[in-house]
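See below for the structure under consideration.
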Amino acid sequence: MELEELYKEVQPRIYAFFFIKTSSKEIAEDLTQEVFYEALKSMHTFSQQSTIQTWLFSIAKNRLLKHYRSNKYKTQLNELLKKEKGESTTPEEEVLKREVKQNLIEYINRLDDVSKEVVTLRIYGELSFKEIGSLLGKSENFARVTFHRAKLKLHKEMEGYHG
């Protein structure tokens, strides 16, 4: 597979991975760039004992750990915590928000693999249906219908959770 094709195929997944983990578009973009830069620098070390995608995701995982250990991350976390303390939400509301978010992620993980990927790329990767379709080798309409069905299923399950 040519490098440009590989980048087009894997980059949105790596971006979505970072976005889910950091909740920041800017950080996800920076870390994604770093992964591909690192991969280019160390391409000669790729042993082909795994797929190149698996290798890229192992670089991504290491890059994320490095980010979590960095002072920049700790500073951003402190800023975020200060902002949140300024908001007038009760601890109960915060717990409920976190619980709903956690349950949504659990429900997404219960979807079949294709639906899970479409939902993740759409919500966390912020990709268009056209981009998702081409990434999966399917039509734009397939991505749109799959997302719609998954969304209906998630709504139904979330209603059951709150009911």
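Structure data summary
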read-out	value
Selection count where residues are acidic (Asp, Glu) and in contact (Cβ under 8 Å) with a residue 40 or more places away in the chain, scope the stretch 118-152	2
Qualifying residue in the stretch 67-83 (condition: at pLDDT 85 or above and not basic (Lys, Arg))	yes
Which numbered condition residue 38 misses (of (1) open to solvent by 90 Å² or more (accessible area, probe 1.4 Å); (2) more than 19 Å from the chain's Cα centre (by Cα))	(1)
Residue satisfying condition, being over 30 Å from residue 102 (Cα atoms), free of Cβ contacts under 8 Å to residues at least 12 places away in the same chain and not hydrophobic (A, V, I, L, M, F, W, C), within set 50, 23, 58	50
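The values are calculated or read from the model by the stated rules, or taken from the named source; none is laboratory data. Bear in mind the structure is a predicted one, so any value in this text is a computation, not a measurement. Cβ coordinates were reconstructed from backbone atoms using ideal geometry, including for glycine residues, and neighbour counts include every protein chain displayed. Keep in mind that these areas ignore ligands, DNA and RNA; they rest on the heavy atoms of the full protein, side chains included. Shrake-Rupley method; radii C 1.70, N 1.55, O 1.52, S 1.80 Å.
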